[in-house]
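Everything below concerns the one structure shown next.
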Amino acid sequence: MPQLLDQPTTVRPGEELDTARLEAFLRRHFAGQSGTLEVRQYPSGHSNLTYALRLGGRELVLRRPPFGSTVKSAHDMGREVRVLSKLHAVYSPAPEVLLYCDDNSVLGAPFYVMEPIHGIILRSHLPAGLELSRETARQLSESLIDNLATLHHVDYTTAGLADLGKPQGYLERQVRGWIERYYGSKTHDYAEVEKLSAWMQQHLPSTSAVSLIHNDYKYDNVILDADQITRIIGVLDWEMCTIGDSLADLGTTLAYWVDATDPEELQQKTWGPTAIPGSFRRAEVVDCYARKTGSDVSQISYYLTFARFKLAVIVQQIYFRYHQGITKDERFAAMPGTVHALLKSAWDCAQTGRL
């Protein structure tokens, strides 16, 4: 299915790179490449920006923070490079980093360059020309969760990543931190925020399993083999990876997982083909993960509540940049509706325990 491979496009206005400085930097490391530097951009990212580079016959991928972001802890390129440099050797879907540059005089911010992974990325809707049978959709659902379980089984100590995070008190710090981040990017009044803030702190569960966690694991962050659509060959966007509560990672995946029977306001924003015939329902995702890991998932509704709140804050932070005029990307204009829908669904999950 070569026509379905994920393709870059024209760089968005306001997100252009200084190609002269970038080319000079690259030629110091890839001196044998002739031809001018070509730069295109992958169109769907909302956080760190991803560009496709071609220098002569060499293809590369560049990642840098968004322009105008003030949340430095969310865009630590050096940390992301450190994770990938160690993780790729023990978890092959992690991209291979080639170069890291912390000299802001090149692009105005730190960035890194990695080997490309060519495959299919499934976003809000299936790409034109791709149809999945019920059986294939089910196998794809299982592959996604199986790969998450594989990540959670990585021996992070042997990989040299044991100091990446502090698992003790992880969930409490996360809840407190995301509440603070919401108020740091507040633009609207949502009644659910205060209620959720109190509930999450009052009902905090104890952590039962600790692992390396991705923290943003969903369909449009995985790359699928074009010749075997249910095979995952790459996992992207490691900026929030840490050592923490494994069920918090599963909760994040569930927050992105929209069921066919969900309210229309949730159906308006999807992060992958989770509602197509044959795809797992959220409850099946949880059952699949429990089978593959042996985890106690009895408190998973808490983790889904928190994950929906966290996702609402992430969307709010992105909208805040648009609201402040820092970015002109018109995709962001309708984000308050998404924020409110996520907050309402989080509160419903907190009150009912329903997935």
* Structure fact -> With only helices counted (DSSP H, runs n ≥ 4, each -39500 (n - 2.57)), the per-residue ellipticity at 222 nm for the chain, to the nearest 500, works out to -12500 deg cm²/dmol
* In the chain, what is the count of Lys pairs whose alpha carbons are under 24 Å apart, counting only pairs at least 8 residues apart or on separate chains? -> 27
* Going by average Cβ neighbours within 10 Å, how do the peptides 284-293, 5-14 rank, with the highest at the top? -> 284-293, 5-14
* Structure fact -> So, for the Cα atoms of the chain, Rg and Dmax in Å stand at 20.0, 62
* Working out 0.36 nm times the residue gap between GLU59 and ARG21, then minus their Cα-Cα distance, what length gain in nm do you get to one decimal? -> 11.9 nm
* Structure fact -> Per-residue accessible area, 1.4 Å probe, largest first, puts LYS344, LYS328 in the order LYS328, LYS344
* Asked: ASP76 accessible area, nearest 10 Å², 1.4 Å probe?
  -> 70
* Calculate, in nm to one decimal, what ARG231 and ALA31 gain on full extension: separation in residues at 0.36 nm each, minus their alpha carbon distance. => 68.5 nm
* Rounded to the nearest whole Å², what accessible area per residue is found for the range 8-51 with the 1.4 Å probe? -> 55
* **Cα shape, the range 254-309, gyration tensor, a/c 1.5 rule** => oblate
* Have a look at GLN201, THR230, THR187 and report the one farthest towards the positive end of the charge dipole of the range 166-240, computed about the Cα centre with Cβ charges (Lys/Arg +1, Asp/Glu -1). => GLN201
* Structure fact -> Here the FRET efficiency for GLN268 versus THR158, based on Cβ atoms and R0 = 41 Å and rounded to 0.05, is 0.40
* Amide H to amide H, which residues 5 or more places from VAL235 or on other chains are under 5 Å from it, using H placed in the peptide plane? -> ALA94, ILE223
* **Simple spin-label estimate for SER92 and ARG176 in nanometres, 7 Å along Cα-Cβ** => 4.2
* Treating the beta-carbon of each Lys and Arg as +1 and of each Asp and Glu as -1, no other charges, what is the dipole magnitude of the chain about its Cα centre, to the nearest 20 debye? -> 440
* Hz values of 3J(HN,Hα) by residue in the range 295-305 - Karplus curve (6.51, -1.76, 1.60), Gly and Pro given as x -> 6, 7, 10, 5, 10, 5, 5, 4, 5, 5, 4
* Using a/c under 1.5 as the rounded threshold, could you call the range 139-192 rounded, prolate or oblate? The axes a ≥ b ≥ c are square roots of the C-alpha gyration tensor eigenvalues, and prolate needs a/b larger than b/c, oblate otherwise. => oblate
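The values are calculated or read from the model by the stated rules, or taken from the named source; none is laboratory data. Here the structure is a predicted model, which is why all the values come from computation and not from measurement. Positions of Cβ are generated from backbone atoms using ideal geometry, with glycine treated the same way; all protein chains shown enter the neighbour counts. The accessibility values were calculated without ligands, DNA or RNA, using every heavy atom of the protein model including side chains. Shrake-Rupley method; radii C 1.70, N 1.55, O 1.52, S 1.80 Å.
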